[in-house]
Structure formats: C-alpha cells, structure tokens
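Read-outs: derived from the displayed coordinates by stated rules, not from any lab. Remember, it's a predicted structure, so these values are computed and weren't measured experimentally. Because the Cβ atoms are built from the backbone with ideal geometry, glycine has one as well, and the counts that use them run over all protein chains shown.
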Amino acid sequence: TRNGIDFAVADLSLAEFGRKEIRLAEHEMPGLMALRREYSEVYPLRGARISGSLHMTVQTAVLIETLVDLGAEVRWCSCNIFSTQDHAAAAVVVGPHGTEEEPKGVPVYAWKGETLPEYWWATEKMMTWPDGQGPNMILDDGGDATMLVHKGTEFEKSGVVPGTDEANPEEWNVFLDLLRASLAADAGKWTKIGSQIMGVTEETTTGVLRLTQMAAQGTLLFPAINVNDSVTKSKFDNRYGIRHSLVDGINRGTDVLIGGKVAVVCGYGDVGKGSAESLRAQGARVIVTEIDPICALQAAMDGYEVRTLDEVIEKADIVITTTGNKDVVLVDHMARMKHQAILGNVGHFDNELDMAGLARYPGVKRINIKPQVDEWVFPTGRSIIVLSEGRLMNLGNATGHPSFVMSNSFSNQVIAQVELYTKREEYDNEVYRLPKKLDEKVARIHLEALGGSLTKLTKDQAEYIDVDVEGPFKSEHYRY
Ligand code: NAI
C-alpha cells in the first residue's frame, strides 16, 4: 500500500514508460475517448465498484481509466498469468495525475509471469475491497472472476468442495486451495459479494460459454452482458486482432520465417479465420482443421486445405489452436511433429494442448530458451517449440491485440457496464447482448476515425428495405 492504494505489480518505476504508451494508445482508441467525452460531467458509473479481470495491457489501461473517468472505483487483475504488460500495470497504479512516490490511480494486482497460486491470489485481492464492501460490478474475460464468486457461494452454502472434474485437475486444485483458505478466513465472504453484484460484462467466447451454461442451469447469481457477441467485438477483435497479434507472437517468440512453411490452424471460427489469414499473408501454406462442416466449408472456399490433425501433423511446421475446446492437440500428436516445429494456442485456456501429458511423457526434457519459449525434447532427439506454455501466445509472446481494435471491444464493455449499472432492474439473471443500435454506434465512431465516409439511406430507400434511416440496418439474425 502506498498513498492509500494497495497493489502488487512488478516494478512501479516502469510507470513513466507505461504512461507514454497509454498516451499514444488513447489516440488509437477513439471509441473509448468518445465515451469519455459523451459522459463527461454525467458520471454514469458514480458509485460503481468494478472488479475487473482482463489482460493488464496498455489497451486495458485506457479502458480502466475510461471507467474511472465515468465515475467508477476500480480494482484490477489480469485474466492470464503471462499477459500483463508490467509498464501498463505500473502506470495504472500511479494514475495520470500521480507519481511513483504518491500514486493516485487504481489498485492493480498483476505482473507478467505469475504462478497459478499467485494468479488466484491476485484474483481474490482484486475482488476484495479494503473497506470490506466488495464490488458491485464485475468486468470479466474468460469468466474466472465470475466463477470465483459462484463457486465460493456454492461452497459456502453446501460446505462441499465444488466439482473436481474440471479439464485440468492440477490447475483446479490450485483454485480449490484458494477457496478453502478464503472460506477458513471468512465463511460468508463470497455469498455476501455475490448478493451485492449487479452484473457482469464478459469479454470472450469462452467466458460467454460458461455464463450460458450457468444461466441454463438457473445458477447465475446476477445478470450478464455478453460483450463478445457484439458484432463490433467478435467480428473485429477476435478476427482482425488475432490477424495482427498471432504472427507478432510467433515472430517475437521464435523469429522463424513463416513463408513457405506448412501451418495448421485448428478451428475456423472468428479467431481461426484471422489466424489463417495472417499466416497465409506471410506466405505459409495453411491447412485448417474443423469439426463444424459450415466453418470447414468456409475454410475450403477461402482456399485452405481442410484436413484432420492426424492426417497432417507430421508435415506441420507451425500448429496453432483457436477452438476454445479442450484436448485438441494431444501429446501423441506432439511426439509426431517435425523437429523444431512450433506449437502455440490462442484459445482462452491452455487445455487445448495436452501440456500435462507432455510434461508426463516418458523421457521428455524441457529446455527453457527464454521467457514463454520452451523447447521440449523427445527421447527420439526430435524437439518441438511450445509458446507460452500453451497459454494465449499472442499475449504471452507478444502484446496482444493493438489499440484500435480493442477500442471497439472496450467501447462495448463500457456501454455494457453503464447499461447494467444504471438499469439493473430491467435485467433478469440471464445472459444478454447489447442492442444493435449501440453496436452500430461503436462501428460508426471507428469508421469515422479511419476517415471512411458512410452512405446515407434516403427515406425512400429505407422504406424499401424496411429499416429506419438511422438504423438498425440489419435484422437480429443477420450474420455479417
Ligand atoms: P468460435 O466459436 O467462433 O470458433 C471456434 C471454432 O473451433 C468453431 O468453429 C468450432 O467449430 C471449432 N472447433 C471446436 N472444437 C474443435 C476441434 N476439436 N477441432 C477443430 N475445430 C474445433 O470462437 P472464437 O470467437 O473464434 O474463439 C475461440 C477461442 O479464442 C475462445 O477460447 C476465445 O475465448 C478465444 N479468444 C482468444 C483471443 C486472443 O486474443 N487470443 C481473442 C478472442 C477470443
């Protein structure tokens, strides 16, 4: 704690560098800056206590300071052990008007290279407000903060350790240890927090899946807005964001020439489409794997070979998973890969790759090349290069998606926070999306920033295609 702000970051002296990059990022985030202008002197988030779990990057710093600008109190942690940019974390603690000696920003618990116990410690700190009040809003990416509240409440009510059958039992045990410790310290903590929360806004595909499952079971404790499925989020961040940051991660991690190589992209959803496009743009020969015939056909029509991983694993130079599913690349696949082939995942959790199986493989040796790059040597003498230990490598090996595309995503986040915080009574404990009109508003701001000019419908034309002159311009089921 310094100047009344509690925090845990790598190095507060990085704040000045962080502030410089935040200043540059602000110009590239016109959506967030427009929201700051729109709500200046209105403070729609006054009284909001937002606990946020989302990659602590420069772009997220601009999001956090926008929430503060709108009146919120905020606490933050990262939603991934490798994704924090330490200079951004430091700058957020110091704040735009503070100094290293006298920070005036926001409590942040995040540093690059956390261990799993540290990760859950940081998440609990982010949810624990010093006055014992707890948050009244969550901003989540992947659903870990939301899960903590839900599993904690379940644990407190039943006294039974919640579920042990998660995908990765070792990681799950780290989480359960935290839960047991917090229950021992305060037996009603999560029930109290859960009852005060007015809503959560969720950033990503994987977190939305978790929320939808809870809503279907009737266990969701508060309303949720699915930010991911705003068109200006998933069709932009997931796709064009990864198109930028995937090859950035491969390059920074390995500096291997991508041109001419065979790259396999597992999954051809939004993230897969952007991944395949970026690898092809580097001259890779790209092969796609899919389970959904529609996405597989899209890949074929886009000119990619569609194969199963088993058919192509021996010839792949680069394998990237983008499915949000588990067990996509198994250790047997890994053992069959070419010498020094590169393996990385950009789906939300590391269980897309069987990292636990790899660590247990008889005779396998791990050689750390540098942070977030490991060579795993099989007994045959052949090795593979695994990026970010199988976790989101575009954030672990590079700096994630760039500001302009995150401005789209985060504008939806801010709008969603304002919506739930100011209109709680209009929402049930279900999962909602933002109205299309707001999606179009976010797009309009960013189009203008790029200097595009939009054609305006005449009244006559609008009537002919049965829409309003001012939008929304598409029906709900339109897929873009
Ligand atoms: P999506 O649902 O659009 O795409 C996933 C695709 O994978 C689907 O088409 C599905 O049919 C396919 N798939 C599922 N199981 C498969 C398997 N066993 N083999 C091959 N294909 C399979 O989801 P989206 O939006 O593309 O997100 C994917 C993941 O990426 C999620 O975990 C999401 O949270 C994460 N994400 C990561 C980002 C990053 O910066 N790294 C940014 C945005 C999302």
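Hey, what's the per residue convex hull volume over the C-alpha atoms of region 104-250, in cubic angstrom?
151
Computed over Cα pairs, the Kirkwood radius of region 319-395 leads via Stokes-Einstein (1.306 mPa s, 10 °C) to a diffusion coefficient of 131 µm² per second. Once Rg and the Kirkwood radius are both taken over the C-alpha atoms of region 1-139, their ratio Rg/Rh works out to 0.94.
Positive contributions from Lys and Arg (+1) and negative ones from Asp and Glu (-1), summed over other residues with Cβ under 15 Å from the Cβ of Gly400, come out at -1. The Rg/Rh ratio for region 210-286, using Cα coordinates for both the radius of gyration and the Kirkwood hydrodynamic radius, is 1.17. Our Cα-only numbers for region 283-340 put the radius of gyration and Dmax at 11.7, 33 Å.
Volume per residue for region 347-432 equals 129 cubic angstrom (convex hull of Cα atoms). For region 97-166, the alpha carbon convex hull comes to 147 Å³ per residue, rounded to a whole number.
Simple rule: put +1 on each Lys or Arg Cβ and -1 on each Asp or Glu Cβ in the chain, find the dipole, and look at Leu279, Gly471, Leu35; the Cα lying farthest toward the positive end is Leu279. When only alpha carbons of region 35-85 are considered, Rg and Dmax amount to 11.7, 37 Å.
The DSSP beta bridges internal to the chain are antiparallel in roughly 20% of cases.
For region 1-47, taking the reciprocal of the average inverse distance between every pair of different Cα atoms yields a Kirkwood hydrodynamic radius of 13.3 Å. Legend: translational diffusion of region 247-297 by Stokes-Einstein, Rh = Kirkwood radius over C-alpha pairs, 10 °C, 1.306 mPa s; D = 141 µm²/s. Whole-percent P(r), region 367-480, all Cα pairs, 10 Å bins from 0: 10, 24, 24, 18, 13, 8, 2, 0. Value of Rg to Rh for region 194-233, rounded to two decimals, is 0.98; Kirkwood radius and Rg both from alpha-carbon coordinates. Taking only the C-alpha atoms of region 400-462, Rg followed by Dmax gives 15.1, 44 Å. Legend: residue pairs Lys233/Lys474; Lys189/Lys326; Lys235/Lys315; Lys112/Lys315; Lys112/Lys441; Lys125/Lys192, Cα-Cα distance threshold 23 Å; pairs beyond threshold, Lys189/Lys326; Lys235/Lys315; Lys112/Lys315; Lys112/Lys441.
Amide H contacts for Gly199 (H built 1.01 Å from N in the peptide plane; partners 5 or more residues away or on another chain; cut-off under 5 Å): Ile138. With no solvent and one equal point scatterer placed on each C-alpha of the chain, evaluate the Debye formula and give log10 I(q)/I(0) for q = 0.06, 0.09 Å⁻¹, two decimals. Here the Debye-derived log intensity ratios amount to -0.27, -0.61.
Here the dipole of region 166-288 is about 380 debye; that uses its Cα centre as origin and unit charges on the Cβ of Lys and Arg (positive) and Asp and Glu (negative).
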